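Let me begin by presenting the structure, written as structure tokens, before commenting on it.
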Amino acid sequence: MVSLDILAGLFVVAALAGALDAIAGGGGLVTLPALLLAGLSPVQALGTNKLQGAISALSSTSAFARRGLIDWKTALPVAGASALAGLGGALCASLLSPEFLRAVVPLMLIAIALYFGLSRAIKAEDVTPRMALIPFACFVAPLIGFYDGIFGPGAGAFYMVAIVTLLGYGALKATAHTKLANAASNLGSLLLFTVKGAVVWPVGLAMAAGAFIGAQVGSRLAMRFGPKLIRPLLVVISCAMAVKLLADPANPLRMAVGF
């Protein structure tokens, strides 16, 4: 049983995280530690976090869709592939060691922060794509979706950089498509967590309500300010996720350099 005051606190945390997630991702930086502090086991925290994360992404997707920012002919194949890959990643999570990912992902996130901070590739308008939809949906989206299911941190940033660089979408349109792909891979992995009984539903539903509201606010801020808000937040969130992963004393990269 979880007390009402803890549920209320998690509702507020999820609302703040949902707003952040809708703009630049990284809401899990806030929600996952909050779930662990509330007394959930690591597996319950992961499963419950997938529920609120999926609702947050669906909420922001609906806001972007109402503004006509989603090309459904592109988005649906990518989302379908991401959902299947997310389920596959969750199925393999107990079979594969996450140590390699714990070491490599922080470096990838720092590279993404440098890319968005220094490159002019992210613009308001669309540019010529570098990859066709079919190979993107068959290879790139499933790769990120699988990662989201098996590990997770930074998946939104990875979707974003792939959609911007390979599909050529502008910042706001790329954010909209990122949210749908992220929702799909979250739902895929959520299915497995639900079957395993790892979702604490009272907590998850309370946080999902907060995440839904926060994502509506965040998506409106993203649509209002565009790249001026999305770009710096992507840099900050990517760096914050990298620092958080490296701060773990058990991180293999940290242990290798002797810190």
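The values are calculated or read from the model by the stated rules, or taken from the named source; none is laboratory data. Note that the coordinates shown come from a computational prediction; the quantities given were computed from them, not determined experimentally. Here the Cβ is made from the backbone with ideal geometry for all residues, glycine too, and neighbour counts use every protein chain on show. To get the accessible areas, we keep the full protein, side chains included, count just its heavy atoms, and leave off ligands, DNA and RNA. Shrake-Rupley method; radii C 1.70, N 1.55, O 1.52, S 1.80 Å.
Points worth noting:
- Flag if GLY149 is more than 24 Å from ALA81 (Cβ to Cβ), out of contact with any strand residue (DSSP E or B) (no Cβ under 9 Å at 6 or more places or on another chain) and either touching a residue at least 12 places away in the same chain (Cβ under 8 Å) or among the hydroxyl-bearing types (Ser, Thr, Tyr) (or both): no
- Out of GLY88, GLY47, GLY80, sole residue that is farther than 22 Å from ALA162 by Cβ, among the small types (Gly, Ala, Ser) and either free of Cβ contacts under 8 Å to residues at least 40 places away in the same chain or not in a loop (DSSP other than H, G, I, E, B) (or both): GLY47
- Whenever a residue of the stretch 93-115 is closer than 18 Å to LYS244 by Cβ and assigned to a helix (DSSP H, G or I), its partners that are at pLDDT 80 or above and β-branched (Val, Ile, Thr), lying with C-beta atoms within less than 7 angstrom and at least six residues away or across chains, give the pairs ILE112/VAL161; ALA113/VAL235.
- A count restricted to the stretch 138-159 and to residues that are part of a helix (DSSP H, G or I) and within 27 Å of PRO42 (Cβ to Cβ) stands at 14.
- Only residues that are open to solvent by 20 Å² or more (accessible area, probe 1.4 Å) and at pLDDT 95 or above were counted in the stretch 40-65, giving 4.
- Test: residue in the stretch 150-164 that is over 29 Å from PRO232 (Cβ atoms) and of a type outside the set (Phe, Trp, Tyr): yes
- The set of residues from the stretch 27-39 being surrounded by fewer than 22 Cβ atoms within 10 Å (Cβ to Cβ) and outside any helix (DSSP H, G or I) comprises ALA38, GLY39.
For every residue, the table says whether it meets (1) assigned to a helix (DSSP H, G or I); (2) modelled with pLDDT under 95; (3) surrounded by 20 or more Cβ atoms within 10 Å (Cβ to Cβ).
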{"position": "ALA181", "(1), (2), (3)": "yes, no, yes"}
{"position": "ALA209", "(1), (2), (3)": "yes, no, no"}
{"position": "GLN216", "(1), (2), (3)": "yes, no, no"}
{"position": "LEU234", "(1), (2), (3)": "yes, yes, yes"}
{"position": "CYS239", "(1), (2), (3)": "yes, yes, no"}
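- Filter pass, LEU35 being more than 13 Å from the chain's Cα centre (by Cα) and free of Cβ contacts under 8 Å to residues at least 12 places away in the same chain: no
- Boolean, VAL200 is surrounded by fewer than 24 Cβ atoms within 10 Å (Cβ to Cβ), touching a helix residue (DSSP H, G or I) at 6+ places or on another chain (Cβ under 6 Å), β-branched (Val, Ile, Thr) and in contact (Cβ under 8 Å) with a residue 12 or more places away in the chain: yes
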